[in-house]
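Here's the structure we're looking at; comments come further down.
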Amino acid sequence: MLSNFLIGLREGLEAGLVVCILVAYLVKTGNKQKLPPIWAGVGAAVTVSLAFGAGLEFGTQELTFKAQEAIGGTLSIVAVGLVTWMVFWMRRTARHLRAELHGRLDAALAMGTGALVATAFLAVGREGIETSLFVWRSVHAADDGWRPLAGALLGIATAVLLGRLFYRGALRINLAHFFTWTGGMLVVVAAGVLAYGVHDLQEAEFVGGLRNKAFDISSTVPPDSWYGTLLKGTFNFQPDPTVLQVTVWLLYLIPTLALFLAPVGFGRSVGAKEQKSTHEQAEAAGRTDGRGDGADGDSERVRDGARRAGGRTVGDEG
């Protein structure tokens, strides 16, 4: 349940952060009448994400056991790839997320209503598809009834509440630190999902070594005990993994976590300072383009919380 709460919270907060930035920018630039297309895009993204999750759940029920395991194992690997890409993408681009979304929104405003709907749909839909896939895989891996799904829904609900508080300026947290900690935890969770996916492929006889156990501590950590269930539901822990599962788990977890926790500037090119300077100049130009409200520097923060969520607070990551 905890792992699914985490994925729901993080993915939901990312989507909520994007929506806050889009809405705040439209309000600030005097385009409040353009908000309905944004909400239409968000609604369409949520609908597609739910339909995708339902398709995964009901579309595999009539398949044979081996086919189900083969599909489950393959989708586990895909889910891990998406989550890994997501945490590294947010880590790398969080500081420039506001400027990037503002640029896309300017282009969409020039193109019309359909482009606004598409901008919101693509920005939110990506998070929704990732959430549906990862939660579906985690729910099946945990095999713990309704609790994993409840954890994901609770995480999404919490993210919606936090997003609303951000926009209203009622809550301020260091989003850079938040995404770093949750990203590191998700890497650990993803390692367990990957190992479980390999086990599925072994049961489907796509990969060998199913009977070649690395160890068996079932007597020490019974799968049906409360702590065994907790470990499985949180980290996809298995008391009797195969050698291949342990190998894949280690090969993924150690280098991925090391790269993720490395300083943001690790391996950055010498042109990074010039890129930062260019970005700052673009930010300054955006504040004087004549579309703002003409107030002092504090007016750049629309309702404070949303602006911080989209810019300065996330930028603390550097």
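Observations on the model:
- Length released on extending from Lys213 to Glu62, taking residue separation times 0.36 nm less the Cα-Cα span: 51.3 nm
- Over the stretch 1-91, accessible surface divided per residue gives 41 Å², non-protein components excluded, 1.4 Å probe.
- Phi angles across the stretch 18-32 convert, under the Karplus curve 6.51 cos²θ - 1.76 cosθ + 1.60 with θ = phi - 60°, into 3J(HN,Hα) values of 4, 4, 4, 5, 4, 5, 4, 5, 5, 5, 5, 8, x, 10, 4 Hz, Gly and Pro given as x.
- 3J(HN,Hα) along the stretch 239-247, derived from phi through the Karplus expression 6.51 cos²θ - 1.76 cosθ + 1.60 where θ = phi - 60°, amounts to x, 9, x, 7, 4, 5, 4, 5, 4 Hz, with x in place of Gly and Pro.
- Accessible surface ranking for His96, His199, His177, 1.4 angstrom probe, highest first: His177, His96, His199.
- Taking amide H as placed 1.01 Å from N in the peptide plane, Thr242 has its amide H under 5 Å from the amide H of Ala214, each at least 5 places away in sequence or on another chain.
- Heavy atoms of Tyr252 accessible to a 1.4 Å probe, total area in Å² rounded to 10: 30 Å²
- Fully extended contour minus Cα-Cα distance, from Val78 to Thr47, at 0.36 nm per residue: 9.0 nm
- Residues whose amide H lies under 5 Å from that of Val221, counting only those 5 or more places away or on a different chain, are absent; hydrogens are built 1.01 Å from N in the peptide plane.
- Whole-angstrom gap from the stretch 28-51 to the stretch 105-120, using each part's C-alpha centre: 10 Å
- Residue-count net charge about Val221 - beta-carbon cut-off 11 Å; Lys, Arg +1, Asp, Glu -1: -2
- Phe52 sits among other residues whose Cβ lies under 15 Å from its own Cβ, and their net charge, with Lys and Arg +1 and Asp and Glu -1, is -2.
The values are calculated or read from the model by the stated rules, or taken from the named source; none is laboratory data. Bear in mind the structure is a predicted one, so any value in this text is a computation, not a measurement. Backbone-built Cβ (ideal geometry, glycine too); neighbour counts: all protein chains shown. Heavy atoms of the whole protein, side chains included, go into the accessibility calculation; ligands, DNA and RNA do not. Shrake-Rupley method; radii C 1.70, N 1.55, O 1.52, S 1.80 Å.
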